[in-house]
Structures are given as C-alpha cells and as structure tokens.
C-alpha cells in the first residue's frame, strides 16, 4: 500500500530560443511504498524518471535518467535490489530476458539506492511510456502495481498482473517564448543528451537552447 506521495522528479518543456525543435519530455515521480507491514517487508521510494527527446539522434530517440530508492528491508539478513525499467506500449512488468531492455539495477545488503542512471529508448507520438519498479528482497521479487488497491498502488509478486506507472509526456508548445527561469529544471536533463552544460546545438539551426554559463 502506498503510504505517501513524494515529488522527486519534475519535467518541463520549452520552446527553443530560435528554430523550433520537436521535443517531448517524459517524467515519473517517486512514490513511498512498502511490500508488507512491520516487522516484515521492505519500505522505500519507487522508481522515478526524467527523459527528453534527442533531436540529434534517430527520430523518436529519447534519452534521460531513471533513479530509485532508497529502499530498506526490515530483515537484516535480506539483501535488497532496486530495478527500474522503461517500457513502451507495454503496461505490465516483463519477466526474463525481455525485461533487460532499457533498465537499470542496483543491489546492496539490507538497504540500497539506485542513483540517476542513463537510459535511452524510442517513443513516437501516440506511444505510451511506462516506468516499472521491481524490488528484490531476499529471495522474493516484488513488482509495483500502480493500479492496485483502487489506483493507490501496491507491491505484488505476479509480474503479469502488475501495471507499471505511466510517464507524463509533455510536447513542446508550438508557440510562446520561455525564458531562463526554466533552466534549473530543464538543463540538468538536457545535459545528459547535450553534455556538458546542456546547450542544444543543431546542425542547421545552430544553438537553440543556452544553459548556464550563458554565452556573452
């Protein structure tokens, strides 16, 4: 059962400074959840994501980061692993080799956290992007079902019944300038696709977004 709601990742979209580049951002916020009641079970934050369309790559290529946790087990003998997986048009947790596409995992004794980890996937207009949270606690695999318990969210052990979290997708508006007030949120994401600062430079249009330190 989900215990609370924690906003960790915020996605924004913006119209570039010059020529328009088709861009979409995808975001999932973390949720505080538990696999069971005290004294048994694991408790922590589910997976989160911020990603943005890469206009310099193949059409539909999306690059960003996923993160998860911290998660702690109430049993000191249990190791904990966090796995965050991106799936496109596939709402239920995959199991086996198919789940290894576009995922990130981190494990440790008793408690663990998955730091921001680079992921890349393909999503076109109309596609639905899902982020799946999986915790391994000892010998048990738990799958976060975002629609469980009347839409509240809970961990279950059957992957084919666990509905992954739908990512919020925000397309770039066709018109309307946006200033540098968005840079603290947008530039860390853009820096993954356009290192090191996040400046977006396109072959024909030139620089279409300037992140700090700004050009003179």
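Test of understanding: ordering 121, 194 by Cβ neighbours within 10 Å, fewest first, what list do you get? List each step's numbers first, then the result.
On the way: 121 18, 194 21.
Ascending number of Cβ neighbours within 10 Å: 121, 194.
Arrange 49, 75 by Cβ neighbour counts within 10 Å, fewest through most, would you?
Values: 49 27, 75 15.
Result, fewest neighbours first: 75, 49.
Taken together, the values in this text are just the output of simple stated rules run on the coordinates, not laboratory data. A quick note: this is a predicted structure, and the numbers were derived from the prediction, not measured. All Cβ positions, even for glycine, are placed from backbone atoms using ideal geometry, and neighbour counts span all protein chains on display.
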